[in-house]
1. With the contact rule set at Cα under 8 Å and sequence spacing of 6 or more, what percent relative contact order holds for the chain?
2. Give, in nm to one decimal, the length gained when the segment between residue 338 and residue 174 is fully stretched (0.36 nm per residue of separation minus the Cα-Cα distance).
3. Tell me, what HN-Hα J-couplings in whole Hz come from the Karplus equation 6.51 cos²θ - 1.76 cosθ + 1.60 at θ = phi - 60° for each residue of segment 4-19, using x for Gly and Pro?
4. Based on the Cα gyration tensor of segment 31-90, what are the three equivalent ellipsoid semi-axes, each the root of five times an eigenvalue, rounded to whole Å and given largest first?
5. Of the listed peptides 197-206, 142-151, what is their order by residue-averaged count of other C-beta atoms within 10 Å, with the highest listed first?
6. Name the shape class, rounded, prolate or oblate, that the alpha-carbon gyration tensor gives for segment 1-151, where a ≥ b ≥ c are the square roots of its eigenvalues, rounded holds for a/c under 1.5, and otherwise prolate holds if a/b is larger than b/c and oblate otherwise.
7. Suppose the chain between residue 98 and residue 24 were pulled fully straight at 0.36 nm per residue; how much longer would it get relative to their current alpha carbon spacing?
8. Segment 65-217: Rg/Rh from Cα coordinates, Kirkwood Rh?
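The values are calculated or read from the model by the stated rules, or taken from the named source; none is laboratory data. On a predicted model such as this, the values are computed, not experimentally measured, just so you know. Here Cβ is always computed from backbone atoms with ideal geometry, including for glycine, and neighbour counts include all displayed protein chains. Please note that ligands, DNA and RNA were not included when accessible areas were found on the heavy atoms of the full protein model with its side chains. Shrake-Rupley method; radii C 1.70, N 1.55, O 1.52, S 1.80 Å.
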Amino acid sequence: MSAPDVSVVVVTYRSATEATGCIATLRRTLARENLSGEILLVDCGSGPAEVRRLESAGADLVLALAENRGYAGGANAGLARARSFRLLLTNADVAFREGAIRPLLDAVDDRRVGAAAPLTFWDEEERLRLPPGWRPTFRSDLAQLSAGRRPSRDRRRFASAARETLELWQRGGNSRHLSGAVLAARRETFDRAGRFDESFPFEYEETEWEDRVRGLGLALRLVPGSRVVHRWGSSAAPAGPTAERRLRSRRLYWGRKYGALGRAILVRAAQRETRVASARLAEPRLPAHQGAWVALSTNPSLLPFAGAPLDEDFVLPPEVAGRLPPVPLYLRTFRASDGEPIETFVWEGERP
């Protein structure tokens, strides 16, 4: 049996409904792009009842792991069974738009490219773009945790990030980091860089892997010709097991990258209260402002941020509001020409 054009690994945990929808969009996209593909659905220890639901999700193969090995373990299990030299990894809560797959495969066929990711939207109408990625450094991590202490420096840092983000959203190109929601790569890249590190229980596994890919001299490329919707936020609760797993991953990454002292400094910074000057909004809407965009983030630094153009009035889509954790949402208008902030707001209203 010949290998397919692409092997798609869908990783899920207690997300049978989302996984079924994701696979349906993958099937449609593969067919319309005339691509042969196998879909491997990996369940990370959700239990027998969930696995029975996944059997009818439309995958070519369902791999039911006995325990939750995190996204890293699920992806690694799928990669071990994939047959194609082109690999596409995705979260279960992603919907692929028509024409989303081939541009990613074309990008990673360039041997200078280690991994590629699509332009990712947060809402079904495809106005609100999710961050292309966020590459942690000690200074950028400290800036995230220390927003408001040096407003002029915060302003310059935000403007620089905004210019880079808009460039990637609008034109694509090489990025310092890619979101791990959807990643395409050649098998050769995994052979050289290695698999995902399963020491990270939740998040940071793709960040650490991309560090290794960049260390090989390979590029990370954002491909705006590929478009997906990522229903991000359903697992972003500020407390509970998911938050604890995220915290462990973050501290593990800090320790490995910055050493014990660097980690201690960041842990201490994370414990301090962060305040930024902002006007309160009664509801998450802003009027149109030609030549401007709005940035949104639950982090007071607004780094990284989701964003939408203000060529018309902006209203936070209800489906997005419903997936946000019950924490303040910061909104900042900024000029598209140079990324300079205009005004910052905060919305603390009830979620739907």
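1. Values: 739 pairs, mean separation 65.6, N = 352.
Value for the chain: 19 percent.
2. So the extension gain works out to 57.1 nm.
3. Working through the residues one at a time gives x, 5, 8, 9, 9, 10, 9, 9, 9, 9, 6, 9, 4, 5, 5, 4 Hz.
4. Its equivalent ellipsoid spans semi-axes of 22, 15, 8 Å.
5. Top of the packing list down: 197-206, 142-151.
6. Values: a/c = 1.75, a/b = 1.37, b/c = 1.28.
Verdict is prolate for segment 1-151.
7. Numbers: separation 74, 0.36 × 74 = 26.64 nm, distance 1.18 nm.
Extending this stretch completely gives an extra 25.5 nm.
8. Radius of gyration relative to Kirkwood radius: 0.98.
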